[in-house]
Amino acid sequence: MDLVRKEHERLAKRLKASQNIKNVQDTIDLIQAARDAIASDPGQASITLAKLQNSVKSSFDSINDNLKEHHSALNKYSKALDKLFKDKPLPSTEHDALLSREHLINRAIAMHLLREGQFSVAATFLSEIAEKKASRQENDMDTDGPDDATSLLDIDDVPSSEVRKQFATMYYILHEMKENNNLLPAIQWSRDNKEALEARGSNLEFELCRLQFVWLFHGGQGPAVAGPQAALEYARREFHAFLPRYLVEIQQLMGAMAFAPNLQESPYRNIFDNPAAWSDVAQSFTREFCSLLGLSADSPLYIAATAGAIALPTLLKLQTIMKAKRTEWTTQNELPVEIPLPPSYLFHSIFVCPVSKEQSTDENPPMMMPCGHVIAEESLKRICKGTRFKCPYCPNESHPREARKVFL
C-alpha cells in the first residue's frame, strides 16, 4: 500500500507542477496574434506565418515532452495498483442460496434506496421489476409471486405505498434535523407515537427536547430565540411532562443556568459542548423510526455488502488453498472458516445446550424453564418424557408446558 501511496503522491505533484496548460495557452495566444496581424496587413501574411512556425513547433515539443512524463508516471501508478490488487476470480456461485430468492434481493435494494432518500430511483427500480415480471408472464415463464413490485415492500399489515410514505416522512425529518437544525418535526413525531415508544422503553422524546433546550441555550437561529432565557422558558413549558423519570437530567440542565457566563469551565460542559449530539440523536431517531416499522436501524444491503467485502479476501485465499489441495467444502449453511467481523455486525447470539453440547437451531430452539435455566428443546423432551421433571441444574420441578421458547 505504501508503494501505491508513493506513486499517487508523485503523480499528483507532477500534475500540479505541469506547464502543459500554460504551453497550450501560449500557443493559442501566438496563433490569435498572428491572425490579428494578417487581418490588419494581408500583405505580410507569408512573413507572419514563417515567424509563427518555429514558435508553434517549440510549444508543441514542450507539450509532448510533458505528456510523456505524465504517461510514464501514470503507467507506474497503474502497475503499482495492479501489483497490490491482483486479478483473482471470485468464489463460485454454483451453490448460491439467493439465486432462487430474487425477490429478497430486490426488496433489499428497494429498501436501501428508500432509506437513503432516493425515492425517484426506488420508483424507477420498482417499475422495472414490474415490467420484467409482466414480460415473464406473457412468455409463461412466471406467475404471481412474492417478487410482485406492488407488494415487494409490504411489511406485515403495512402496504408498500404506506411504507414509501413513512420513509419519505423519515427522510424529511432527518433533513430538517441535519441541514436546518430543526428538531420540531422529530419532536412532534415522537409525541404522535408516544405510546409505541414508551412500550419500547425509548427515551427519544426527552433526548430531542433536551437537545432543543441546549440549542436554544446557545442562541438558536436568531436573536428572537437566543440565549438562556429562551431555553428556560422552553424548559418551563415542556419539561414537566418528563418528571419524575428524568428528574436528575432536568436538574443538570437547570443547574447549568447558573454557569451560563462560564459554561466551558463548569461541570455541565459535556452536556452543552457535545459535537456528536446531533448525529447521536439522528441515529436514535432513525433506530426508533425503523423499529416501529419492524425494520432494522441499518440497511441490510449495506451491512451485507460491507460484511461481504470484509470476508472476500479470506474466502479467496481459502479457495486458492482448497484448489491446490484439490478439496471441496461440502457442509451447507456454514462458512468453512471463521470470518472476523466488527462487533456491530454480530447480530445472532449462539446458544449451546449444556446437556447435549449442541448449538440450538430453528428446529431445536432454546427453552427456558420456570427456574430460569435454559436447555435445548430436544434435551427437554428427552428429560421430561411428557411428565413433570426435575431441572438438571437445580432441585426445581416443572412441567414441559411451562417451558418458554427463548429468542436470541
>> Tell me the angle of helix 277-292 to the major Cα principal axis of the chain, expressed in degrees between 0 and 90 and rounded to the nearest ten.
In response: 60 degrees
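Order these peptides, 112-118, 297-303, by their mean beta-carbon neighbour count within 10 angstrom, highest first. Mind dumping the intermediate values first?
Details: 112-118: 18.1, 297-303: 16.1.
Sorting 112-118, 297-303 by mean packing, highest first, produces 112-118, 297-303.
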> Among R101, R388, R326, which one shows the biggest mean-square fluctuation in a GNM of the chain, springs joining Cα atoms closer than 10 Å?
Replying inline: R388
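Could you compute the FRET efficiency for E116 and C394, with r as their C-beta to C-beta distance and R0 at 56 Å, rounded to 0.05?
Numbers: r = 51 Å, r/R0 = 0.91.
The formula returns an efficiency of 0.65 here.
Of all the C-alpha pairs in the range 27-78, what % are more than 17 Å from each other? Please list the in-between numbers first.
On the way: 655 of 1326 pairs.
That fraction is 49 percent.
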> Against the longest alpha carbon principal axis of the chain, how many degrees, from 0 to 90 and to the nearest 10, is the axis of helix 45-84 turned?
Replying inline: 30 degrees
>> Modelling each spin label as a point 7 Å along the Cα-to-Cβ direction, I'd like the L341/I28 distance in nm, to one decimal.
In response: 5.4 nm
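Calculated from DSSP H runs of 4 or more alone, at -39500 (n - 2.57) each and per residue, what is the 222 nm mean residue ellipticity of the chain, nearest 500?
On the way: 15 runs with 234 residues, N = 408.
Computed mean residue ellipticity for the chain: -19000 deg cm²/dmol.
Can you tell me how much longer the chain between M368 and E162 gets when fully stretched, taken as 0.36 nm per residue apart minus their C-alpha distance, in nm with one decimal?
Gain in length upon complete extension: 70.4 nm.
Considering only Cα-Cα distances, which of the following residue pairs are longer than 22 Å: K76/K323; K133/K165; K323/K357; K6/K68; K13/K68? Kindly include the intermediate steps, with their values, before the conclusion.
On the way: K76/K323 32 Å; K133/K165 24 Å; K323/K357 33 Å; K6/K68 20 Å; K13/K68 15 Å.
Long pairs (Cα-Cα over 22 Å): K76/K323; K133/K165; K323/K357.
Of C371, C384, which has the most accessible area with a 1.4 Å probe, and how do the rest follow in descending order?
Details: C371 40, C384 10 Å².
Descending order: C371, C384.
Could you sort I109, I321, I187 by their accessible area in this structure, using a 1.4 Å probe and putting the largest first? Numbers along the way, then the final one.
Numbers: I109 55, I321 75, I187 5 Å².
Solvent-accessible surface, decreasing: I321, I109, I187.
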> For the pair E249 and Q188, how long in nm is the line joining their label points, each one 7 Å along Cα→Cβ?
Replying inline: 2.3 nm
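Report the extension gain between S46 and R269 in nm, rounded to one decimal, defined as 0.36 nm multiplied by the number of residues separating them, less their alpha carbon distance. Walk me through the numbers before you get to the answer.
Values: separation 223, 0.36 × 223 = 80.28 nm, distance 8.01 nm.
Taking S46 through R269 to full extension adds about 72.3 nm, to one decimal.
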>> Of the candidates F289, F213, F347, which one comes out as most mobile in a Gaussian network treatment of the chain with C-alpha springs shorter than 10 Å?
In response: F347
>> Give me the one-decimal nm value for the distance between modelled label points at D2 and K357, 7 Å along each residue's Cα-to-Cβ direction.
In response: 4.8 nm
> Shape of the chain from its Cα gyration tensor (a ≥ b ≥ c, root eigenvalues): rounded if a/c is under 1.5, otherwise prolate when a/b > b/c, or oblate?
Replying inline: oblate
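The values are calculated or read from the model by the stated rules, or taken from the named source; none is laboratory data. Being a predicted model, the structure only gives us computed values, none of them experimental. Note: ideal-geometry Cβ built from the backbone for every residue, glycine included; neighbour counts use all protein chains shown. Just so you know, the surface numbers come from the protein's heavy atoms only, side chains and all, with ligands and any DNA or RNA stripped out. Shrake-Rupley method; radii C 1.70, N 1.55, O 1.52, S 1.80 Å.
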